[in-house]
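Notes for the one structure printed next.
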Amino acid sequence: MSRDNLEKIIMKLPHALAGTMALTIFSATIPFAAPAHAQAYDPRYPVCLQVYDDMVHFTTDCSFTTMAQCAATASGRYAQCVVNPYYAGPNTKRAPRKKHPMQ
């Protein structure tokens, strides 16, 4: 092995080690990635119940029409009632517009 080849290998060695370390760290973190949980904010109901599984994770149930109804369900549980941020409002239909005769 010539001196030039040895110097080229020595120069590439830190880059190869850094790449190997990055790949190892990336591969080691994959099993710890948690799946994303979809939150169901039903726009038909104005109140949601958030039930906590632990200090950070909770499930959301937006199927309540009043805070009192939600509070009764939340009673005795590690839960809270919140206003549904995606509530679409009451489903009221507008009366058809009357056509005015042209003058």
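Numbers for the structure displayed
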item: Rounded if a/c under 1.5, otherwise prolate or oblate - region 34-89, Cα gyration tensor axes; result: oblate
item: Neighbour-count order for Phe64, Phe58, fewest beta carbons within 10 angstrom listed first; result: Phe58, Phe64
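Bear in mind that the values in this text are calculations on the coordinates, not laboratory data. Remember, predicted model here, so these are calculated numbers, not experimental data. All Cβ positions, even for glycine, are placed from backbone atoms using ideal geometry, and neighbour counts span all protein chains on display.
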